[in-house]
Amino acid sequence: MKNFKLLLSLIVITIIITGSRFQGNDEPAYKNKNLPISERVADLIKKMTLEEKIIMLGGTGFATNPIERLGIPELKMADGPLGVRIDKATAFPSGIAMASTWNPELIELLGSAIGRETRGKGRDVILAPCVNIARIPQGGRNFESFGEDPFLTSRFAVAYIKGVQNENVAATVKHFAVNNQEYERDFVNVIIDERALNEIYLPSFKAAVQEANVLAVMSSYNKVNGPYASENDYLLIDKLKKEWGFQGLVMSDWGAVHSSIPTFNGGLDLEMPDGKYLSMAALLEDIKSGKLSEDKLNDKVSRILTIMFKLGLFEKQNIENASLINNEIHKNVAYDVEKEGIVLLKNNNNILPINKNVKSIAVIGPNGNVARTGGGGSSMVSPYSSVSILQGLKNRLGDKIKIEFQPGVTFDGDAEPIANEYFYIKGTNKHGLQAEYFDNMYLTGTPILKRIDNNIFFKWGGGSPAKEIKDDNFSVRWIGELEVPKSGEYTFDGGSDDGIRLFIDNNLVINDWSNHAYISAIYKMHLEKGKRYNIKLEYFENGGDAAITLGWRAPEEDISYDAIELAKNSELVILCLGTSSQYETEGKDRKDLVLPNGQDELVKKILKVNKNVVVVLTTGSPVLMNEWIDDVDAVVETWFGGEQLGNAAADVLLGNYNPSGKLPITFPKKWEDCSAYNTYMKKDSVTEYSDGLYVGYRHFDKYGIEPLFHFGYGLSYTTFKYDNLILSNSTKTPDVWEAEFTITNTGKVEGSEIAQLYINDEECSVDRPEKELKGFSKVNLKPGETKTVSFKVDKNMLSFYDINTNDWKFESGKFNFMIGSSSNDIRLEDHIIFK
């Protein structure tokens, strides 16, 4: 009897323990955080109805649909990749500036900061990083990505993602794939050979999956070799999920889904921002009948749920925490990245750093008194504060040196709003415009709100114009009269996100009636003082941010006059040129590489009165400088530098920090020299990537074209010497080779050098580039100091993609190792015969 009681007790204890493990005190298994995630997901899937599963396939703007019955939370998202795009947050430097640091460890810190701010906004997923290759120098989103080289881009993709996901936030690598232009991005068909696709355009995505274990991938708008990316089985199934083993969530870019059945049968898991195609109406009956696979549905929902479980959202959801936003740590990270990303392109006569004995400095140019923190579109972050180059110099110099400013030229999008005193209610002498707000995008039906607006300068962000109006899918019409203060030619500047139409005296003068990020449209016309002009402005908002502005540039004398006078009377001119978010933005490519709005002429005018000119460029990608580059002593590229741009630029200009950035993209002398010139915009809705592997420096090398500035190029205030290259092969790891060498700081100031390893396969059976980046290292050296640097290379790094076997292939032969300060400045060279 005693043994029986003992046995019974053990059985009871076993039942209790087992029940606790699998039921969690009568709770379902999916709520037991001690179980493996796969078990929790499987249990939850079994408990979901077919309807609940289908609902999970479509978003609700910037989140997934919650299922309250089962306690399934929202998966909440936020735009990136330069910071969290919700209200105000830290504006970090652009992706191109990040890559210019050649410092992945620093970018991992930046990723962590963005991850923390994402949590601080109560969000779970950041829609970043953007890793598309910069194939076209005027590409509207080049500034978001990491440049033209797949190896460099991969290193920064991995670092950024690890930083974000270390903070228990999901990163989303985008845009998959071959999304390298904004022109016709919604439907352009990219025709590309498989080798170029795998060697140039896919490596950063592969590294994101296999090295960084990224939790989410975003499909792109464009087609790739026929099918749209969101229903492209080669990309989403064959490559991503099968070959690379991706276990995470594949979501669409916003509005990038075009079908129900092909998309459902493909590799896409989540349609954003809503379930327009992956909807109940489109899928339910076909799944019930067995025409569509419920196993396929379960796999998609499982991937969404898996992220939620990995982030712990069933136990604790992120809530807003202001202490995680724009704190001193994050401001310092933004500063450090911008400081290391600034590239010194020219420095004749050692005009930089600025001589401390200078008595007066003229800061001139449209980017002098404004911090151009980033380009336009879904990556644009609203900082709490930002520092312009003018303010940065004043912060560092105080009243030691006289500093004055003149803009010289005005950018599109910078025009002042038309003041209320020039608008009239139609047929009256009362100022303002009659506004009608509609609860649809089509200006149809009865207005939901009528009111008088003083002028047109509205930036509602993700909100709505009034409590009566929903956040998205609305339209507005303003009607009134306009009377100008003086006769002359006026430049109307209409900015919008999304559609805008401007009528003057019933003539349609601005017509950009399409979905796009905030950009300006310009129209010039002669207006007479004393005459009333009928004006009608129409606007629609489709989703995301909402903004509409109407400004003008009134007739005026050449504003460069004051700038020239200031330059004439100053010892040194800091000429702050470049572009802005109006020119480099999501939704469009630049029309050319020329500095906009007469900046080249401004440079030439100023050089006539003062030769001590330092040009400071703030751009997101290359610009042409041929008209003045030989006549200025110094050129500095700051990129779109985030909120700390001015402080970092000032420290570089003043020598408080020795510039160490290097170009992650080639600067051409002209657009015609670039690989994409013969195919871009040449055929309606089709772009043939006939340049194949030969993008960026690979193209310039192959055809012997001299660019303005080479890939990997950047100057310093000191000099470096490379010595003692030794190539060796370890007997313990015969498939790995090592290149070891020394670098010495031969100058008088401390500085960092970025050593770069390029390799050439001399005896390959297929055509290969003259050189390809396979390693880099940023080394800080005090004056006279020497350090040893080494790079390891394995067979995988030396392989090419074989289109006959659809796999990577290594061929033995002669490989040339080239160590350099840039792709064109090779300091050491040797070779090994690899067996």
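In the range 359-380, which residues are assigned to a loop (DSSP other than H, G, I, E, B), open to solvent by less than 60 Å² (accessible area, probe 1.4 Å), modelled with pLDDT of 95 or more and of a type outside the set (Ser, Thr, Tyr)? Across the range 359-380, the qualifying residues are Gly365, Pro366, Asn367, Gly368, Val370, Ala371, Arg372, Gly374, Gly375. Among the strands (runs of 3 or more DSSP E) confined to the range 515-600, there are none with at least 2 residues that are within 30 Å of Thr444 (Cβ to Cβ), open to solvent by 20 Å² or more (accessible area, probe 1.4 Å) and touching a Cys at 6+ places or on another chain (Cβ under 7 Å). Can you find, within the range 215-231, the residue that is nearest to Phe143 (Cα to Cα) among those that are open to solvent by 10 Å² or more (accessible area, probe 1.4 Å) and touching a helix residue (DSSP H, G or I) at 6+ places or on another chain (Cβ under 9 Å)? That would be Tyr221. The set of residues in the range 717-760 that are open to solvent by 50 Å² or more (accessible area, probe 1.4 Å), modelled with pLDDT of 95 or more and not in a strand (DSSP E or B) comprises Thr719, Thr746, Lys748, Val749, Glu750. Criterion applied to Glu770, Glu763 was being open to solvent by 40 Å² or more (accessible area, probe 1.4 Å), closer than 27 Å to Pro668 by Cβ and in a loop (DSSP other than H, G, I, E, B), and the one residue passing it is Glu770.
In the range 589-618, of all residues being polar (S, T, N, Q) and more than 26 Å from the chain's Cα centre (by Cα), the one that is farthest from Glu565 (Cα to Cα) corresponds to Asn612. When the range 803-824 is filtered for residues that are aromatic (Phe, Trp, Tyr) and surrounded by 15 or more Cβ atoms within 10 Å (Cβ to Cβ), the ones remaining, listed by number, are Phe810, Phe815, Phe817. The residue list Ala196, Ala207, Ala212 contains one member that is touching a Lys or Arg at 6+ places or on another chain (Cβ under 7 Å), of a type in the set (Gly, Ala, Ser) and open to solvent by less than 40 Å² (accessible area, probe 1.4 Å), which is Ala212.
Before we move on, is Ser621 open to solvent by less than 10 Å² (accessible area, probe 1.4 Å), in contact with an Asp or Glu (Cβ under 8 Å, 6 or more places away or on another chain), within 30 Å of Ser100 (Cα to Cα) and touching a residue at least 24 places away in the same chain (Cβ under 8 Å)? Judged against the criteria, Ser621 is a match.
So that you can scan it fast, the table gives a plain yes or no per residue for (1) modelled with pLDDT of 95 or more; (2) in contact with a Cys (Cβ under 7 Å, 6 or more places away or on another chain); (3) in a loop (DSSP other than H, G, I, E, B):
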| site | (1), (2), (3) |
| --- | --- |
| Ala649 | yes, no, no |
| Asn678 | no, no, yes |
| Tyr694 | yes, no, yes |
| Asp701 | yes, no, no |
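The residue pairs whose first member lies in the range 164-179 and is over 18 Å from Leu82 (Cβ atoms), whose second member is buried (at least 24 other Cβ atoms within 10 Å of the Cβ) and polar (S, T, N, Q), and whose beta carbons are closer than 7 Å, counting only pairs six or more residues apart or on different chains, are Phe176/Ser219; Phe176/Ser220; Ala177/Ser220; Val178/Asn222.
Scanning the range 629-664 for residues that are open to solvent by 10 Å² or more (accessible area, probe 1.4 Å) and of a type in the set (S, T, N, Q), we see that the one that is nearest to the chain's Cα centre (by Cα) is Gln644. Looking only at the range 139-187, which residues are part of a loop (DSSP other than H, G, I, E, B), of a type in the set (D, E, K, R) and within 30 Å of His258 (Cα to Cα)? Once the filter is applied, which keeps residues that are part of a loop (DSSP other than H, G, I, E, B), of a type in the set (D, E, K, R) and within 30 Å of His258 (Cα to Cα), the range 139-187 yields Arg141, Glu148, Glu182, Glu184, Arg185, Asp186.
Here Ile126 meets each of (1) open to solvent by 10 Å² or more (accessible area, probe 1.4 Å); (2) within 29 Å of Lys276 (Cα to Cα) with one exception, condition (1). Regarding Leu202, is this residue crowded, with 21+ Cβ neighbours inside 10 Å and more than 18 Å from Gln181 (Cα to Cα)? No; evaluated as a whole, the condition is false for this residue. Name the residues in the range 438-469 that are more than 15 Å from Glu541 (Cβ to Cβ), open to solvent by less than 20 Å² (accessible area, probe 1.4 Å) and in a loop (DSSP other than H, G, I, E, B), would you? Hits for the range 438-469: nothing passes. Kindly indicate the residue of the range 163-191 that is over 27 Å from Tyr583 (Cα atoms) and buried (at least 22 other Cβ atoms within 10 Å of the Cβ) and also nearest to the chain's Cα centre (by Cα) among those meeting that condition. Ranking the candidates gives Ala171 first. Check Gly374 against each of (1) more than 30 Å from Thr90 (Cα to Cα); (2) within 31 Å of the chain's Cα centre (by Cα) and name the one condition it does not meet. Status for Gly374: all satisfied but (1).
Just one of the numbered conditions (1) assigned to a loop (DSSP other than H, G, I, E, B); (2) under 28 Å from Leu595 (Cα atoms); (3) among the hydroxyl-bearing types (Ser, Thr, Tyr) is not true of Thr687: (1). Taken over the range 665-716, the criterion of being in contact with a Ser or Thr (Cβ under 7 Å, 6 or more places away or on another chain), open to solvent by 30 Å² or more (accessible area, probe 1.4 Å) and of a type in the set (Phe, Trp, Tyr) is satisfied by Tyr713 alone. Contact annotation: residue pairs with Cβ atoms under 6 Å, 6 or more positions apart or on different chains, pairing a residue in the range 767-779 that is of a type in the set (Ser, Thr, Tyr) with a partner that is open to solvent by less than 10 Å² (accessible area, probe 1.4 Å), are Ser777/Ala755; Ser777/Val789.
Taking Ile287, is it outside any loop (DSSP other than H, G, I, E, B), modelled with pLDDT of 95 or more and touching a strand residue (DSSP E or B) at 6+ places or on another chain (Cβ under 7 Å)? Criteria not met by Ile287. Restricting attention to the range 777-790 and to residues that are assigned to a strand (DSSP E or B) and touching a Lys or Arg at 6+ places or on another chain (Cβ under 8 Å), the residue that is farthest from Glu740 (Cα to Cα) turns out to be Leu781.
The values are calculated or read from the model by the stated rules, or taken from the named source; none is laboratory data. What you see is a predicted model; the values in this text were computed from it and never measured. All Cβ positions, even for glycine, are placed from backbone atoms using ideal geometry, and neighbour counts span all protein chains on display. Only protein heavy atoms, including side chains, enter the accessible area calculation; ligands, DNA and RNA are left aside. Shrake-Rupley method; radii C 1.70, N 1.55, O 1.52, S 1.80 Å.
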